Amino acid sequence: MTSPLTRPRRKNPVLRTRLPNLPPGGRSRVALGLTAAAALGRFELQCCRDCGKVQYPPSEACQVCLSERLQWREQSGAGELLAVTELAHSNDLFFRERLPWRLGMVRLDCAVTVVAHLHGDCAAAGARVRVEAVLDRSGQGVLIAMPDKETAHMADDPQLREFTCDPKYRKVLVTDGRTAVGQAIVHSLIRAGADLIWVGQSEPWKQFPGIEALRTLPQVSLVPLDLSDSEAVSELCAEIGGRVDIVINNAELHRPFGIAARAGIEAARAEMDINYFGLLRLAQGLGPALRARGADGQSSAVAWVNLLSIYALSNYPPHGTFSASKAAALSLAQCLRAEMRPAGVRVINVFPGPIDDEWNQTVLPPKVSAAALATAITRALQQGIEDVFPGDVAQEWLARWRDNPKALERELAG
Amino acid sequence: MDKRSARRGYEGVVAVVPITVPYVRYSIRTAHWFLARVLAELIRASGIDKASIDGLCVSSFTLAPDTAIGLTQHLGVSPRWLDHIPLGGASGVVALRRAARAVQCGDAQVVACISGDTNHVDSFRLTLSNFSSFARDAVYPYGAGGPNASFAFLTANYMREFGLERADFGKLCVAQRDNALRYPQALFKRPLGLQEYLDARPIAEPLRLFDCVMPCAGAEGFLVMSADRARSLGLAAVQVLGTIERHNSYPDDPVQVRGGWAMDRDDLYAQAGRGPQDVDLMQAYDDYPVISLMQIEDLGFCQKGEGARFIREHSFTWDGNFPFNTSGGQLSVGQAGAAGGYLGMIEALRQLTDAAADRQVAKAQTALVSGFGMINFDRGLASGAALLGRA
């Protein structure tokens with residue numbers, strides 16, 4: 001059984017911080033299908049459209065009928081653990097520093113044999129297990145065999161924690177505490193066991209609903225943070241940068257309308273200043289500190305979460321400038337993801353459908369509640385998912401976008 | 001079932017001059033250097049000139065970016081028959097059978113079969129991380145244990161399914177070490193006791209240190225020519241009685257418990273006109289002891305699953321009742337990359353030409369050489385075997 005994590009002792013600042021290493025990240029292009037699904041928290045394998053054979057490792061042709069019509073399809077992951085080993089030696093630095101390391105050979109019920117990382121609670125060979133696809137620290141999809149049934153403190157398994165970004169006993173910066181979403185995120189993080197949460201407020205002299213409730217939480221520390229103010233951002237980053245394990249950048253500015261309904265560019269510029277340049281300022285301020293702490297023990301720097309919007313994928317003309325600012329932020333987030341990768345710090349992009357807030361007042365339901373969005377973010381951290389699409393609208397738009405992005409563009413044009 | 005082989009035999013073809021380029025743990029030389037050394041030794045020991053070698057067959061993992069063709073220019077040879085065999089532990093057997101056909105059919109008169117690799121301090125890791133696309137995509141990112149991890153699974157499964165103890169594998173390893181003490185090229189020079197084997201440090205449970213081959217540098221080679229040519233050169237020769245190869249056998253087995261030998265052994269013995277009872281010594285590919293046992297079973301010395309009993313009832317030293325890997329095998333000699341796939345072949349040629357010095361198996365008439373190679377993903381894909389007879 002997994003022993004529960006204990007709160008890490010205060011770090012001795014004199015001791016050297018271990019530098020991050022990555023597990024082997026090289027993959028053939030076809031194998032990245034596993035990564036694409038794992039980024040969404042799904043386990044998919046290649047399935048032949050002609051003869052139905054499921055196969056692994058990924059290949060360019062069906063191993064039975066040689067068809068090239070291979071489709072990635074979701075798998076249950078149920079299977080039998082055939083053999084177990086515990087590595088006491090590795091040829092790779094990342095694993096060498098984390099030995100011993102358990103592996104399993106699993107026969108999936110779909111008649112495919114896989115090699116997988118092995119959760120500590122998986123019983124001996126012969127046991128039923130559930131294989132999941134997760135992202136490793138190099139950002140690539142890998143398989144992990146989990147116990148068939150939920151076990152106590154399952155998430156605390158040290159090997160599993162190398163794949164997840166669990167907030168438990170970690171220190172988190174939430175960039176905007178004023179909104180219902182920001183406050184819901186704080187409450188959700190506390191339930192998930194976060195150790196300390198810095199909560200940004202852009203105008204500290206102003207009161208806002210919910211601030212008193214935040215103040216009473218022992219884990220919360222309110223900090224001044226206005227993402228449009230380069231100097232203020234640098235100041236805060238200098239103060240807390242060396243301790244932040246997870247950044248959740250939920251600050252956003254949202255004004256309706258596209259091009260013709262509004263005169264001038266001030267509103268659009270303000271959106272860009274928070275949604276795009278705000279991310280850039282914060283990433284320049286905190287990125288280097290997080291990168292340096294990618295392997296800093298049990299509670300290493302581990303994730304950067306961006307609150308984007310499903311509108312980032314394809315412009316929604318009634319909210320045209322907001323969409324554009326989120327598209328810009330998405331592009332920058334991909335750059336940030338590439339720059340954080342050498343440290344194993346995951347960049348998680350959240351693409352909610354319309355949030356149930358004042359700026360989406362005229363948007364028809366279903367809308368995403370603050371609580372649901374917060375839960376989705378916490379779950380993404382706990383499960384190590386990289387791209388999150390909370391809400392029915394986001395799920396539907398994603399499906400339409402993946403199916404035919406041009407069709408979605410026409411549909412959104414009304 | 002008709003036990004006769006439909007295939008032609010290898011009448012009139014022999015293998016001669018087994019050569020070993022001394023093994024070293026690490027070398028600053030390249031694979032080209034080792035392959036050049038072995039070819040030079042083959043020429044010196046056979047007494048033929050370089051121009052007479054009109055066939056060349058090469059195996060090497062560390063020759064990249066070159067293959068056999070590039071090597072012809074390095075070595076200054078102009079063969080009219082050229083082969084590159086990237087089959088790892090099955091290379092020796094496969095090289096022999098292809099070269100034998102080339103000589104038999106007249107496509108070449110003298111084929112030099114050579115295999116060698118270098119081992120730099122970091123070359124093993126580099127070989128592992130790019131061993132195959134399946135390995136890079138689906139094995140190496142899982143702990144980067146290399147073949148240790150893959151064979152740990154096969155070993156753990158074998159033990160669980162067939163009731164083997166570590167001591168059973170230990171008996172093979174200890175006997176091979178005894179053999180190696182009489183083989184001057186072996187890198188392991190100290191005796192190994194069963195307790196030391198059992199207590200060794202874990203590598204990838206259930207595998208411990210002495211279950212795992214040690215990578216090193218070295219080369220092996222032999223010549224294939226007509227029996228008449230060998231006689232006129234005054235070379236001690238070994239007959240090729242029968243051979244098999246099989247790749248990606250039993251792909252539907254959930255985990256490997258058998259290899260291609262199980263599919264083709266009847267054909268092998270039929271072609272040779274001999275049976276398991278005629279085998280005086282066996283040289284199996286032994287990067288891990290579980291695979292030795294798999295070959296013993298699949299080549300018909302006992303039923304599948306009876307390996308434990310077979311090991312307990314036999315002795316495996318050069319003077320035992322089942323002489324096995326009589327030069328020490330890779331586990332006690334070292335694994336010089338693809339040359340590991342030649343080690344057993346070379347030793348069998350020595351045994352059948354009375355060149356095995358103080359580990360000579362008495363009255364050895366028939367030798368079985370078996371090869372296994374290429375853990376591409378979860379199992380070894382290549383298998384082969386050859387029966388050799390005293391000429």
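Bear in mind that the values in this text are calculations on the coordinates, not laboratory data. Not measured: the values here are computed from a predicted model. Quick reminder, even Gly has a Cβ in these numbers, built from the backbone with ideal geometry, and neighbours come from all protein chains shown.
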Please label the shape of segment B:23-99 as rounded, prolate or oblate, based on the square roots a ≥ b ≥ c of the eigenvalues of the alpha-carbon gyration tensor (a/c under 1.5 means rounded; beyond that, a/b larger than b/c means prolate, else oblate). rounded
Estimated vicinal HN-Hα couplings, Hz - segment B:321-328 in sequence order (Karplus 6.51, -1.76, 1.60; Gly, Pro = x): 8, 9, x, 9, 6, 6, 9, x
One-quarter of the Cα convex hull surface for chain A, in nm²? 21.8
Chymotrypsin sites (Phe, Trp or Tyr not before Pro) in segment A:163-252 lying in a DSSP loop, each with at most 12 other Cβ atoms within 10 Å of its Cβ, come to A:205
Expected vector for segment A:339-354, Karplus 3J(HN,Hα) from phi with 6.51, -1.76, 1.60 and θ = phi - 60°, integer Hz, x for Gly and Pro, equals 7, 7, 4, x, 9, x, 8, 7, 9, 9, 9, 10, 10, x, x, x
At 20 °C in a medium of viscosity 1.002 mPa s, the protein assembly as shown has a Stokes-Einstein diffusion coefficient, with Rh taken as the Kirkwood radius over alpha carbon pairs, in µm² per second, of 72
Centroid-to-centroid separation of segment A:92-143 and segment B:264-280 [C-alpha atoms, Å]: 42
Cα gyration tensor shape of segment B:103-258, rounded if a/c is under 1.5, else prolate or oblate by comparing a/b with b/c: prolate
Cysteines of chain A without any disulfide-compatible partner (other Cys Cβ under 4.7 Å) are A:47, A:110, A:122, A:165, A:237, A:335
Cα pair distances of segment A:171-413 binned at 5 Å [whole percent]: 1, 7, 14, 19, 21, 18, 11, 6, 3, 1, 0
According to a simple spin-label model (label point 7 Å from Cα along Cα-to-Cβ), what is the distance in nm between residue B:165 and residue A:216? 6.7
I want the local charge near residue A:128. Using Cβ-Cβ distances under 10 Å, sum +1 for each Lys or Arg and -1 for each Asp or Glu among the other residues. -1
Which loop-located trypsin sites (Lys or Arg not before Pro) does segment B:264-370 contain, where loop means any DSSP state but H, G, I, E or B and the Cβ has at most 13 other Cβ atoms within 10 Å? B:304, B:363
What translational D, rounded to a whole number of µm²/s, comes out for chain B from Stokes-Einstein when the hydrodynamic radius is the Kirkwood one over Cα pairs, at 10 °C and 1.306 mPa s? 77
Chain B, relative contact order in percent, only Cα pairs under 8 angstrom and at least six apart counted: 27
In percent, what relative contact order does chain A have, based on Cα pairs under 8 Å that are 6 or more apart in sequence? 15
Per principal axis, largest first, the Cα atoms of segment A:32-161 extend in Å by 42, 30, 26
The helix A:277-292 Cα axis meets the longest alpha-carbon principal axis of chain A at an angle in degrees, between 0 and 90 and rounded to 10, of 40
If each part is reduced to its alpha-carbon centroid, segment B:81-128 and segment A:22-43 end up apart, in Å, by 36
Per the 1/(1 + (r/R0)^6) rule, R0 = 22 Å and r from the Cβ atoms of residue A:229 and residue A:19, FRET efficiency to 0.05 is 0.10
Most packed first (mean Cβ within 10 Å per residue), the peptides A:29-38, B:370-379 order as B:370-379, A:29-38
Value of relative contact order over segment B:260-303, rounded to a whole percent, pairs C-alpha under 8 Å and six or more apart: 49
Once you place label points 7 Å from the Cα toward the Cβ at residue B:6 and residue A:28, how far apart are they in nm? 3.2
Expected output is a single nm value to one decimal: the length gained when fully extending between residue A:259 and residue A:331, i.e. 0.36 nm times separation in residues minus the C-alpha distance. What is it? 23.8 nm
Likely footprinting exposure, B:226, A:325, fewest C-beta neighbours within 10 Å first: B:226, A:325
